[in-house]
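A.B. asks: Before I ask anything, let me first share the structure, which is written out below as structure tokens.
Nothing in this text is a laboratory measurement; each read-out follows from the coordinates by a stated rule. This structure is a prediction, so every number in the text was calculated from the model and none was measured. Here the Cβ is made from the backbone with ideal geometry for all residues, glycine too, and neighbour counts use every protein chain on show.
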Amino acid sequence: MSTYAKKQGFGATLWDFMTTVDHKKIAILYLISGGLFFILGGLEAVFIRIQLAIPDNNFMSAGIFNEMITMHGTTMIFLAAMPILLGIMNAVMPLQIGARDVAFPFLNSLGFWLFFFGGVVLNLSWFLGGAPDAGWTSYASLAIHSEGHGVDFYVLGLQISGFGTLIAGINFLVTIINMRTPGMTYMRMPMFTWTTFVVSALILFAFPPLTVGLFLLLFDRMFGANFFDVAAGGNTIIWEHLFWIFGHPEVYILILPAFGIFSEIFSTFSRKRLFGYSSMVFATVLIGFLGFMVWAHHMFTVGLGPIANAIFAIATMAIAVPTGIKIFNWIFTMWGGSVTFTVPMLYAVSFIPSFTMGGVTGIMLGAAPADYQYHDSYFVVAHFHYVIVGGVVLGILAGVTYYWPKMFGTMLNETLGKFTFWLFLIGFHLTFFVQHFLGLMGMPRRVFTYLPGQGWETSNLISSIGAIFMSVGIIILLINIVITSVKNVRVGNDPWGDGRTLEWAIPSPPPFYNFKQLPLVRGLDAYWIEKMEGKKEMTPAEPLDDIHMPNGSIIPICITIGLFIAAFGALYNMDNKTWSVPVIIIGLLITFGSMLVRSLKDDHGFHIHKEELMDDKDKEVKA
Amino acid sequence: MHVEEKFTDATWPASPETATLEAKNKYLGFWLFLGGETVLFASLFATYLALKDKVPDSSMPLAKDLFEIPLTFAMTMILLTSSLTSVYAMYHMKNNSFQKMQTWLVITVLLGFSFLALEIYEFNHYVHLGHSFTSSAFGSAFYSLVGFHGAHVTFGLMWFLALMIRNAKRGLSLYNAPKFFVASLYWHFIDVVWVFIFTVVYLMGMVG
Amino acid sequence: MTNQQSNSANPNLNLAFRRKQNAEEMKHQVITFAMMIFFTVIAFVMVAMDSISSWFTIPVILLLAAIQVIFQLYYFMHMKHKGHETIALFIYSGLTVGLITVLVFLTIVWL
């Protein structure tokens, strides 16, 4: 349908993806690489469950186990969940607000490559002398004494990918503020766009403290600074605060997009407007705001004092209110609607009880005195897996299934999807429900094995069996993806039939300029409004005219590779290698040189001419 | 309007920094970045305040032994003045007088370099007094905070220079005017951070 | 963003008006600068005079710093102009998060 879609060789496609600045292609890159890291993190989880399946197991050594849990947590949070969500945001958000691309296409590409190479740095640690082993929180009191280079890989990998995330956050904010199509007021934005907006704001304010914390750790480990060396006047609590000032908003950065995805799914498959839209917006903003006031509930047992603990406990409880508003709104959206149980809807419906259970244990943990009992036990492990797997991962699976046709132009198989859903859901509850009780029975988290006769055997075994269920579910999902991609049955604009928002008004996948003419939005659920008036497409808000598009660029990869090289120089600096400092300098020169080239070379982009667009239309009419 | 279009004084827009969509995006995006930078520097300030005067043994110099009024005062005056000169540059940018803008930017850059020179002298002086990056937690925190600011100054200078050289022959256009404007915003932000540094680190350090 | 592209029929008349407006604004900025220098001098003099109690000096110099920052943001960085509401929202959010961070590091890091 477009003159631009030509058959390309593999090399050309690869080059195309390496230089692309198109938000839809970057979304695919995020999805693929996030998916690979998700599988990697999943394998690590399976290894952990194998080790813990029976008491006194020697499947792996204690040292490897520490590396495994550290990498599982770090990979899943930073390299799997967040990138996949950023991918869905990239794919959907510009379409939902009727934009032709994001505000900074070049930075969008840079953000992706920074994340990707950061993840590569982190995972290279497995081959270069051992992975980080101080836990995903990498508390300084452990981290500065960790031998080898594991923690250095953690610091540098997260630093690089953190820059990428920050860039993505700013990019989304500007896109949403400046590039909405005529008529798309703030209070007409789809819920997923709203959550993207709030999440981007959280990224903007939460990542700088992490950057600083990582720099302090980097200086301590690689350049002889003394931030965390108590003998030289240092203080390790600084790391804990900086980490959790970032870390708590981070969990909202993960869960809010999932909330957004579920909001879209509930209203689509109930064929109803989202119940209490404005209260949903309010609740999202409130969660974002309160998310910055509660980080010390991760540190109740540090000994901050009763006043600090009380303040943070109350703030923590307060978050239950907006979250509760959301839960009830979703239920009321389904109430009286004509509900169809497609795969995304199944995920959405099962998300409500699963996530609520995680929320309830969250309230238990938020009660500071009781937290002294639960702290560092499997109860905590159960809690955060209930919110992250029961909330975020179900959200990701739902979102990927729901938006798959929009991204790739073909549907995933519903039957296989239901297999994945049931296996994953049952496996998830098997794995983590029993862990509540393991925790209450006293099993500490992060232990690499345990002795028989403490009543922990059965529960641990059940937990490990659950992990197998989840793995099989994910394998079926992969098979599903392969089969449907090979069959490649093309779908139209609105494959689910009940699409409500702008992204369903354009072809799947959309042409690279998204909208030939920017659509005019006349209310919430803009496409649904037009459909209800019997129209097939959106009313254009502008006459057909030339479209300005940005050029692709290889510079983002060059900038990133410079940092990648510099990271290795810094990494081996503490070994007194003579080449370390020159390597840092060469790497930074490549980075700043590429930035200079970018800033000196004019790049005005190109125009798609009106005539070419009209050709398209004529062809469609003839066909 | 096309970004490379040549303008007369009369057709040059009143706010060239936000005249195109690209410029609007750049302008807003940069402000948001500054919002993030605020948190970054706040974290560094917080770390400094938590580790102020934390040294392993009592023979090491503390804040009140190190800082001196004349040097800090000179650095402050230089940086504040450079903020004003960059405002002058932007005033001429808005009036479409390119050469005057370049002149004021040259002055700004010279002031920036003299600030950096004083900072290097200062750091060198402290190291001789036994206050180095690796000597104590206080030292690490001090050099990280002030050094981060110094790195920002350096980056800002490089940025100004790159823009000035790059556009020396081309003059102003709607493509590069927002770039100059955003660079000057960055320069003001550096000044904002310095206001807090001289107050919180130096003056409060001297008070004790 | 004070005067968005106005559509006066005579561009030169418009230009004269804009020039005047820009000059006016420049004058305000020079005044701002003079006040900032004045505040800075006060702060340094207060610290130089040992006779003043630090319980008085510290709050005053912090206040002077805060005023200077407001000047920078609103005059030098043009936040007083229209169209900066979103920007103000984000800058103040950043300042709030930053202030909480500083407050916490002054109180509950086991000093």
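A.B. asks: Please give the average number of partner chain Cβ atoms lying within 10 Å of the Cβ of each residue in B:63-70, rounded to a whole number.
C.D. replies: That average works out to 1.
A.B. asks: Note down the magnitude of the dipole of the protein assembly as shown about its Cα centre, charges +1 on Lys and Arg C-beta and -1 on Asp and Glu C-beta and zero elsewhere, to the nearest 20 debye.
C.D. replies: I would put it at about 2020 debye.
A.B. asks: How big is the gap, in Å, between the Cα center of region A:266-294 and the Cα center of region A:418-481?
C.D. replies: The distance from the Cα centre of region A:266-294 to that of region A:418-481 comes to 31 Å.
A.B. asks: State the extension gain, in nm to one decimal, for the chain segment bounded by A:Ile50 and A:His607, taking 0.36 nm per residue of separation less the distance between their alpha-carbons.
C.D. replies: In short, 194.9 nm is gained.
A.B. asks: Could you run the Karplus curve 6.51 cos²θ - 1.76 cosθ + 1.60 with θ = phi - 60° over region B:88-95 and give me ³J(HN,Hα) per residue in whole Hz, x for Gly and Pro?
C.D. replies: Values per residue, Gly and Pro as x: 4, 4, 6, 4, 6, 4, 5, 8 Hz.
A.B. asks: Could I ask something else about it? Which residues make up the longest stretch of chain B that has no GluC sites (Glu not before Pro) in a DSSP loop with at most 15 other Cβ atoms within 10 Å?
C.D. replies: Longest run free of exposed loop sites: B:69-208.
A.B. asks: If you build a Gaussian network model of chain B, linking Cα atoms that sit under 10 Å apart, which residue out of B:Ser58, B:Ser144, B:Ser97 swings the most?
C.D. replies: B:Ser58
A.B. asks: Separate question: Under a crude label model (7 Å from the Cα following the beta-carbon direction), how far is A:Asn58 from C:Leu89 in nanometres?
C.D. replies: Result: 6.2 nm between the two label points.
A.B. asks: Same structure, new question: Strictly over 32 Å apart at the Cα level, which of A:Lys24/A:Lys418; B:Lys6/B:Lys26; B:Lys52/B:Lys179; A:Lys577/B:Lys64 would you flag in this model?
C.D. replies: As for pairs spanning more than 32 Å Cα to Cα, those are B:Lys52/B:Lys179; A:Lys577/B:Lys64.
A.B. asks: What number, in percent, do you get for the relative contact order of chain A if the mean sequence gap of Cα pairs under 8 Å and at least 6 apart is divided by its residue count?
C.D. replies: Relative contact order, chain A: 17 percent.
A.B. asks: Additional query: Show me, for region B:136-150, the HN-Hα J-couplings you get by feeding each phi into the Karplus relation (A = 6.51, B = -1.76, C = 1.60, θ = phi - 60°), rounded to Hz, glycine and proline as x.
C.D. replies: Result, rounded to whole Hz: 7, 4, 4, x, 4, 5, 4, 5, 5, 5, 5, x, 4, 5, x.
A.B. asks: Could you tell me the calculated FRET efficiency between C:Trp55 and A:Trp335, based on Cβ-Cβ distance and R0 = 60 angstrom, to the nearest 0.05?
C.D. replies: 0.45
A.B. asks: Pull out the extension gain between A:Val230 and A:Thr185, defined as 0.36 nm times the separation in residues minus the alpha carbon to alpha carbon distance; nm, one decimal.
C.D. replies: That pair, A:Val230 and A:Thr185, stretches by 10.9 nm at full extension.
A.B. asks: Shielding by partners for C:77-83, please: the mean number of other protein chain Cβ atoms within 10 Å of each residue's Cβ.
C.D. replies: 4
A.B. asks: Quick check for you: which residues of region B:55-87 have the amide N under 17 Å from the point 7 Å beyond the Cα of B:Asn124 toward its beta carbon?
C.D. replies: In region B:55-87, the label zone of B:Asn124 (backbone N under 17 Å from the point 7 Å along Cα→Cβ) covers B:71-72, B:75.
A.B. asks: Which order, highest average first, do B:159-166, B:201-208, A:543-550 follow once you tally other Cβ atoms within 10 Å for each residue and take the mean per peptide?
C.D. replies: The most tightly packed comes first, giving B:201-208, B:159-166, A:543-550.
A.B. asks: Another question, then. Quick query: amide H of A:Ser377 versus all other amide H atoms, modeled in the peptide plane; which residues come in under 5 Å with a sequence gap of 5 or more or a different chain?
C.D. replies: The answer is A:Arg445.
A.B. asks: First check a/c for region A:498-559, with a ≥ b ≥ c the square roots of the eigenvalues of its C-alpha gyration tensor; if it is under 1.5, answer rounded, and if not, answer prolate when a/b is larger than b/c or oblate otherwise.
C.D. replies: prolate
A.B. asks: What are the ³J(HN,Hα) values, in whole Hz, obtained from phi via the Karplus relation 6.51 cos²θ - 1.76 cosθ + 1.60 with θ = phi - 60°, for each residue of region B:17-23 in sequence order, with x given for Gly and Pro?
C.D. replies: Calculated HN-Hα couplings, in order: 5, 10, 7, 10, 5, 4, 5 Hz.
A.B. asks: Which GluC sites (Glu not before Pro) from region A:514-623 combine a DSSP loop assignment with at most 15 other Cβ atoms within 10 Å?
C.D. replies: A:Glu533, A:Glu537
A.B. asks: Full-extension gain between A:Phe282 and A:Ser485, please, as 0.36 nm times their residue separation minus the C-alpha to C-alpha distance.
C.D. replies: Gain in length upon complete extension: 69.1 nm.
A.B. asks: Go through A:Lys536/B:Lys24; A:Lys601/B:Lys169; A:Lys487/A:Lys535 and tell me which ones have a Cα-Cα distance over 22 Å in this structure.
C.D. replies: Violating the 22 Å limit, Cα to Cα: A:Lys536/B:Lys24; A:Lys487/A:Lys535.
A.B. asks: For the protein assembly as shown, what does the alpha-carbon gyration tensor say about shape, rounded, prolate or oblate, given a ≥ b ≥ c as the root eigenvalues, a/c under 1.5 as rounded, and a/b over b/c as prolate?
C.D. replies: The shape class here is oblate.
A.B. asks: Give the range of the longest stretch in chain C that excludes all trypsin sites (Lys or Arg not before Pro) found in loop regions by DSSP and having at most 14 other beta-carbon atoms within 10 Å.
C.D. replies: C:1-79
A.B. asks: Then there is this: At a 10 angstrom cut-off on C-beta neighbours, averaged per residue, how do the peptides A:311-322, A:57-68 rank from highest to lowest?
C.D. replies: A:311-322, A:57-68
A.B. asks: Going by a ≥ b ≥ c, the root eigenvalues of the Cα gyration tensor, does region A:10-542 fall in the rounded group (a/c under 1.5), the prolate group (a/b larger than b/c) or the oblate group?
C.D. replies: In terms of gyration-tensor shape, prolate.
A.B. asks: Over the whole of C:45-51, what's the average partner chain Cβ count within 10 Å per residue? Rounded to a whole number, please.
C.D. replies: Across C:45-51, the average partner-chain Cβ count within 10 Å equals 3.
A.B. asks: As a test of the formula, what do you get for the protein assembly as shown when each DSSP H run with n ≥ 4 contributes -39,500 (n - 2.57) and the sum is divided by the residue count, at 222 nm and rounded to the nearest 500 deg cm²/dmol?
C.D. replies: -23000 deg cm²/dmol
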